[in-house]
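Take a look at the structure below.
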Amino acid sequence: MVAKTDRDVSAMAASLPRSGIRAAASLAAGKEGLIHLEFGEPSVMAPLAVRQAAAEALLKQRMVYTPTEGPPALRQALSDKLWRVNGVEASPDEVFVTHGGIGALYLALATLLETGDEVLLPDPGWPNVVSQVLALGGVPRFYPLASEDGYLPDPDSWSIGPRTRAVVVNSPSNPTGSVFSGALMERVAAVASHHGLFVISDEVYDQIAYDARPVAMRPLYPERTLAVYSFSKTYAMTGWRLGYLVTPKNRVDATKRVAEAVYSSTSMVAQEAAKAALTVPEAEIQSVVATYHRRRDLALDRLREWGLYRYTPGGAFYLMVDVSAAGDTAGVHRRLIEEHGVVTVPGSAFGASAAGELRLSLAAKDEDIGRALDAVAEVLGLR
Ligand code: PLP
């Protein structure tokens, strides 16, 4: 008989942080009639063409294993999209179809890190990537983003040591919605190149921007950029779990080895849906983006009304609201749920520097966003 020990799970697994986003949502579990501003879910269905393509594929084709890196036709279509939409030149060989954007991030890190390697990460930033670094034996090092700077980094202030292997940048950003200018992307590339770092450029919100199209990292630093994209946000396909990594060709073999170990191939029905997604007219995508844009403006108007305006998010569909005046973000978060039925996420879920803030998702109905911000003002004693 095997002796029972206290080592039924690894120390690594036991120590990984849980998602603060899910924890925030669990406070609202079981309550009805709430305004949900906690999840990064588009509020619309995936385009009809996507759903039809998937249904047809399910009826007519056997769903089988596909090549680990994705089928050639999809990789060709992605290579075309990268050029058309992002100005990124990448041969189909350099495009790797992954299990969501999160899978692309994991493959990027897993093919890069040795135990003890440091990765620079944004604070606030999307928390799952921090857990990935920890799971791979890496050491997260954070660079701060402040609302006074529009939540944009200063690459010249990054503390880069001999163990620093990579920097993660995310534009447009979750949780802030900030978008890097072309000049800032160039500065990131210059600093990374100077120190020989890899840039893991998380561009999963590449098509959700309100002013100019976000600038891609790969053309600025092709030799060491690992670019992460996803079908989740642009096409409202979060549940289909499909993304892609764009990697220099010399890393494809290693990427395939890790992917084979972890998931062998992505879902074929999702791949069929993805091919259809790539044919969706730009106007259809932009009409959804226009809706987020309108909601952002509506939210900013409300913030100005209550004297809470701090910065203007240029993309994604998130907004950070400073509630530090209350001195107790957890209390504000709880009161918003209990007294006003409004669910948000405390900024601490995204990093220590955002402890006085709440993240609101703008993927809710216009009137709900207005009501939610009025509730924030009320909890802060401003109305
Ligand atoms: N990167 C960022 C910044 C995100 O916000 C998300 C999802 O919320 C992801 C990556 C992962 O995307 P996916 O749903 O495609 O795994």
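The values are calculated or read from the model by the stated rules, or taken from the named source; none is laboratory data. All values derive from a computational prediction rather than experimental measurement. Quick reminder, even Gly has a Cβ in these numbers, built from the backbone with ideal geometry, and neighbours come from all protein chains shown. Calculation scope for accessible area: heavy atoms of the full protein, side chains included, ligands and nucleic acids excluded. Shrake-Rupley method; radii C 1.70, N 1.55, O 1.52, S 1.80 Å.
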Here is a list: VAL139, VAL130. Which entry is under 18 Å from LEU197 (Cβ atoms) and crowded, with 21+ Cβ neighbours inside 10 Å?
VAL130
Selection over the stretch 81-128 where residues are in contact with a Gly (Cβ under 8 Å, 6 or more places away or on another chain), in a loop (DSSP other than H, G, I, E, B) and not small (Gly, Ala, Ser) yields a count of 7
Check on LEU360, in a loop (DSSP other than H, G, I, E, B) and in contact (Cβ under 8 Å) with a residue 60 or more places away in the chain
no
Just checking, which of TYR309, TYR292 is over 22 Å from the mean Cα position of the chain (by Cα) and either open to solvent by 10 Å² or more (accessible area, probe 1.4 Å) or in the same structural domain as LEU373 (by TED's automatic domain parsing) (or both)?
TYR309
Among the residues of the stretch 152-168 satisfying the criterion of being assigned to a loop (DSSP other than H, G, I, E, B) and either open to solvent by less than 30 Å² (accessible area, probe 1.4 Å) or of a type outside the set (S, T, N, Q) (or both), which is nearest to GLU118 (Cα to Cα)?
ARG163
For the stretch 237-263, give me the residue count where each residue is surrounded by fewer than 21 Cβ atoms within 10 Å (Cβ to Cβ) and out of contact with any His (no Cβ under 6 Å at 6 or more places or on another chain).
15
In the set LEU113, LEU121, which member is without any contact (Cβ under 8 Å) to a residue 60 or more places away in the chain, in the same structural domain as TYR205 (by TED's automatic domain parsing), within 13 Å of the ligand (Cβ to nearest atom) and open to solvent by less than 30 Å² (accessible area, probe 1.4 Å)?
LEU121
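Condition check ((1) within 16 Å of the ligand (Cβ to nearest atom); (2) over 18 Å from ILE200 (Cβ atoms); (3) charged (D, E, K, R)) across all residues:
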position: ALA73; (1), (2), (3): no, yes, no
position: GLU89; (1), (2), (3): no, yes, yes
position: GLU94; (1), (2), (3): no, no, yes
position: ARG141; (1), (2), (3): no, no, yes
So, in the stretch 225-265, of the ones that are more than 30 Å from PHE317 (Cβ to Cβ) and basic (Lys, Arg), which residue ends up farthest from the ligand (Cβ to nearest atom)?
LYS249
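Go over the candidates PRO222, PRO214 one by one and state the one that is within 13 Å of the ligand (Cβ to nearest atom) and either touching a Leu at 6+ places or on another chain (Cβ under 9 Å) or not charged (D, E, K, R) (or both).
One residue alone meets the criteria, PRO214.
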Residues of the stretch 309-331 satisfying the condition of being aliphatic (A, V, I, L, M) and at pLDDT 95 or above
ALA316, LEU319, MET320, VAL321, VAL323
